[in-house]
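Here's the structure we're looking at; comments come further down.
The values are calculated or read from the model by the stated rules, or taken from the named source; none is laboratory data. This is a predicted model, so every value here is computed, not measured. Here the Cβ positions follow ideal geometry from the backbone for every residue, glycine too, while neighbour counts run over all protein chains shown. Accessible surface is based on the protein model in full, side chains and every heavy atom, while ligands, DNA and RNA are left aside. Shrake-Rupley method; radii C 1.70, N 1.55, O 1.52, S 1.80 Å.
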Amino acid sequence: MFIQTEATPNPATLKFIPGRTVLDSGTMEFTSLEAAARSPLAERLFAVSGVSSVFYGYDFVTVTKKDGDWQHLKPAILGAIMEHYMSGAPLLADGSAAGDDASDEDGEFFNEQDAETVATIKDLIETRVRPAVANDGGDITFRGFKDGVVYLNMKGACSGCPSSTATLQHGIQNLLRHFVPDVVEVRPM
């Protein structure tokens, strides 16, 4: 098994590409060992000293470190990913392989009168923003819209990334303001 690694814009996060589907649909993030109990692979990765979060995309895993040097962490992370796939264990303890997108939608907030605007915002995020962000090992999902402000949830490599503010302010905000005049600002949640 050959696992590729790629740098992300976040120096604390590396993207690991195992050459096979990781998650059938959506994304999933684990920010603690307790949360990782849902996934045998996430548990293995949290067993590596220095790992602070794990994120699954369609065909990649991103790992964020809280401390340590990638030179020392990377071999242990590669080993944990390889062991998981060679063992044949399921990605999730319950045997499913779908992301948390449905639970992400549960916490959305906006006024019903803004439903058409929100639909346009969500479409732009889904078709133009999320694919680009996935290339960098992360994900951005819609959380809400109120008083012209779009609230987004940043996950994976995007969470805590030094360039995330610039991405939000200059990239996503400009895109949304161009297509949706009601948008005045974009903020992370």
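Local charge for S53 was computed over the other residues whose Cβ lies under 11 Å away, with Lys and Arg +1 and Asp and Glu -1, and equals +2.
For segment 40-66, no residue has its backbone nitrogen under 15 Å from a point 7 Å from the Cα of K122, taken along Cα to Cβ. So how tilted is helix 115-124 from the main axis of the chain? Cα-based, degrees 0 to 90, rounded to 10. Around 40 degrees separate the two axes.
Taking only the C-alpha atoms of the chain, Rg followed by Dmax gives 17.2, 53 Å.
With all protein chains in place and a 1.4 Å probe, the accessible surface of the chain carries 50 percent carbon and sulfur. Protection proxy ranking of 68-74, 169-175, by the mean of other Cβ atoms within 10 Å over each peptide's residues and highest first, is 169-175, 68-74.
Remark: segment 1-154 carries a charge dipole of roughly 720 debye about the Cα centre, counting +1 on each Lys and Arg Cβ and -1 on each Asp and Glu Cβ. With all protein chains kept in place, the per residue accessible area of segment 1-118 amounts to 50 square angstrom at a probe of 1.4 angstrom. Across the options P75, T8, S159, the greatest Cα extent toward the positive end of the charge dipole of the chain (unit charges at beta carbon of Lys, Arg, Asp, Glu) belongs to P75. For K15, a cut-off of 19 angstrom between C-alpha atoms picks up these aspartates and glutamates, skipping any fewer than 8 places away in its own chain: E6, D24, E29, E43, D59, D67, D69, E83, D136, D139. Considering only T27, P90, I125, and ranking their Cα positions along the charge dipole of segment 4-148 that arises from unit charges at the beta-carbon of Lys, Arg, Asp and Glu, the one farthest toward the positive end is P90. All other residues whose Cβ lies under 10 angstrom from that of F16 are scored, Lys and Arg at +1 and Asp and Glu at -1, for a net of +1.
Size descriptor for segment 1-103, Kirkwood hydrodynamic radius: 13.5 Å (Cα pairs only, one decimal). Peptide packing: for 7-19, 77-89, the average count of neighbouring Cβ atoms within 10 Å per residue gives the ranking 7-19, 77-89, highest mean first.
From the helices alone, meaning DSSP H stretches of at least four residues, give me the mean residue ellipticity at 222 nm for the chain, per-run term -39500 (n - 2.57), in deg cm²/dmol to the nearest 500. If you can, show how the numbers build up before the last one.
Values: 6 runs with 54 residues, N = 189.
About -8000 deg cm²/dmol.
Taking Cα atoms only, the orientation of helix 70-87 departs from the longest principal axis of the chain by about 80 degrees.
What does the charge count around V63 come to, taking other residues whose C-beta lies under 10 Å from its C-beta (Lys +1, Arg +1, Asp -1, Glu -1)? Overall, the nearby charge balance is +3.
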